[in-house]
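Here's the structure, in structure tokens; my notes come after.
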Amino acid sequence: MPIAHRLLHRKDEEEERFPFEVLACTSCGLPQIAKPIDPNILYRQFNYNFSSWKPEPHQADELDTIAQFTKHHSVFEIGCNDGLFMDKLRERGAKVLVGVEPNPVSGKIARERGIHVYSDMVSPTLCRDAVRHNGQFDLVIARQVLEHIVDFENFFECVKLALRDDGLLFIDVPDFAPGSAVGDLSVLWEEHVSYFTEPTLLALLARHGFEAVSVKKYNFSGGTLAVAARRAATEVSAPLASTGVGERFGQRAREYGARLRPALERLRDNGMQIAIYGAGCRACTFTNAHELAELIELSIDDQKERQGLFLPGTRIPIKPPEELRGKSAPLVCLLAVNQENEAQVSARLRESLKRPLHIVSIFAPSDIWRELDQLEATSGHRNG
């Protein structure tokens, strides 16, 4: 697979590809990438991914959850991005704000918000320095970070150094459960080393001496799992591992692709234009894993920074929404946006396009199999 965030500037541009094999542990049930890409390769080019660019409808509830368990006067955030979440905590009374963010561009934005930011990867040495200057923290946060971590031992050593004995650890990760149940390949991403469900995350916390005081799930970005935890007074029993996760996921994904490609081929041969709305990392994984390069004519994306570039691997051109207007041929639009945005994008397409239009949701937690049934019916074929 190519690196999903590394959009191409030319259709004939050379690009690196890397093996992408995910294995599920038979002891704890956690799926992980077998051979993660070297971070020095993966992150050597800036990824335009700011917190403030992506609406977070669940953010207020996460802030409320944190407030239930700590006054959070002092906050240490691992992977603070542009500092938006800590800025919200400051509005709710936080006084000491320290972040860790190796991305120099987003880290600069966080500093402009008045947050002290370490421009490095988190390490025990860094955490000791933060504690030396600020004392241990009431709250340690890692939102959309733990799934990127290769070394859990290092991560939890850092947490224990930074966090007061009675402090709160708040972790927010993508929830693998909705996508894995239906074989949605778009939930896999080379930056995500681990793929958590509630049992596997609670088991990881238990192994490192933490016990959950709150567990919540949100319909955000394909599914999000948020856990607030404290140091356990006694040994915590880890939940039992799920079995057969990889086999079920792989089988469902293969079945989906085996039906999707012929349906799109029939539609294309019948003169329908095929586009995918969205040029994010999930769209890249989806189009590459299902080998759709020759079937999708273009990708539509609202973000100006992506327009005029090409999706990695498939080299599908990325165009602005206006590209779909002024044409009369029927359009099939694969909706590569997260479920919380689907209704808005669908309404905008129906209002702006004066041509026959069939919209297909392709990401979980939407019912992607029902959507596939409808696509096959549109193509003149219904499965089985």
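Observations on the structure shown:
- The relative contact order of segment 284-384, computed from alpha carbon pairs under 8 Å that lie at least 6 residues apart in sequence, is 20 percent.
- Cα-based reach from Lys95 at 17 Å (exclusive), listing lysines while leaving out same-chain residues under 8 positions away: Lys71
- Highest mean packing first, where packing is the average number of other Cβ atoms within 10 Å per residue, the peptides 143-152, 358-367 line up as 358-367, 143-152.
- Relative contact order [Cα under 8 Å, 6+ residues apart], the chain, whole percent: 16
- Computed from point charges on the beta carbon alone (+1 for Lys and Arg, -1 for Asp and Glu), the dipole magnitude for segment 201-314 about its Cα centre is near 440 Debye.
- Our coupling estimate for segment 215-220, obtained by passing each phi through the Karplus curve with A = 6.51, B = -1.76, C = 1.60 and θ = phi - 60°, is 10, 9, 10, 10, 8, 9 Hz, Gly and Pro reported as x.
- Computed E for His116/Val215 - FRET, C-beta separation, R0 22 angstrom, nearest 0.05: 0.10
- For q = 0.27 Å⁻¹, Debye-computed log10 I/I(0) when each Cα of segment 302-356 counts as one equal scatterer: -1.27
- FRET efficiency for Arg207 and Ala181, using Cβ-Cβ distance with R0 set to 22 Å, rounded to 0.05: 0.30
- Loop-resident sites, segment 211-258, for GluC sites (Glu not before Pro), counting at most 13 other Cβ within 10 Å (DSSP): Glu235
- Kirkwood hydrodynamic radius over Cα pairs of the chain, then Stokes diffusion coefficient at 20 °C and 1.002 mPa s, in µm²/s: 97
- Stretching Asp165 away from Thr125 to a fully extended chain increases their span by 12.5 nm, per 0.36 nm per residue minus the current alpha-carbon distance.
- Restricting the GluC sites (Glu not before Pro) of segment 304-384 to loop positions (DSSP other than H, G, I, E, B) with no more than 12 neighbouring Cβ atoms within 10 Å leaves Glu305.
- Relative to one another, the C-alpha centroids of segment 234-289 and segment 300-347 are positioned 19 Å apart.
- Bridging of Lys35 to lysines at a Cα separation below 30 Å is possible for Lys11, Lys54, Lys160, Lys217, once same-chain residues fewer than 8 apart are set aside.
- Distance between modelled label sites at Ala289 and Lys304, nm, 7 Å Cα→Cβ extension: 3.3
- Surface analysis of the chain yields an accessible area of 45 Å² per residue, using protein heavy atoms and a 1.4 Å probe.
- Within the shell of other residues whose beta carbon sits under 15 angstrom from the beta carbon of Ala293, the net charge comes to -2, with Lys and Arg scored +1 and Asp and Glu -1.
- Within the shell defined by Cβ-Cβ distances under 13 Å, the residues around Asp269 carry a net charge of +1, with Lys and Arg each +1 and Asp and Glu each -1.
- Just the protein heavy atoms count here, and of the accessible area of the chain at 1.4 Å, carbon and sulfur take up 49 percent.
- If R0 is 25 Å, the Cβ-Cβ spacing of Arg10 and Lys327 corresponds to a FRET efficiency of close to 0.50.
- Degrees between helix 124-134 axis and first principal axis of the chain (Cα, 0 to 90, nearest 10): 60
- Using a Gaussian network model of the chain in which every pair of alpha carbons under 10 angstrom is joined by a spring, one finds that among Ala67, Ala110, Ala162 the greatest mean-square fluctuation is at Ala67.
- Extension gain for Ser27 to Thr234 (0.36 nm times residue separation, less C-alpha to C-alpha distance): 72.3 nm.
The values are calculated or read from the model by the stated rules, or taken from the named source; none is laboratory data. As the structure is a computational prediction, the values presented were derived from the model and not from experiment. Ideal geometry is used to build each Cβ from the backbone, glycine not excepted, and the neighbour counts take in all protein chains shown. Quick note on the areas: whole protein, heavy atoms, side chains included, nothing else; ligands and nucleic acids left out. Shrake-Rupley method; radii C 1.70, N 1.55, O 1.52, S 1.80 Å.
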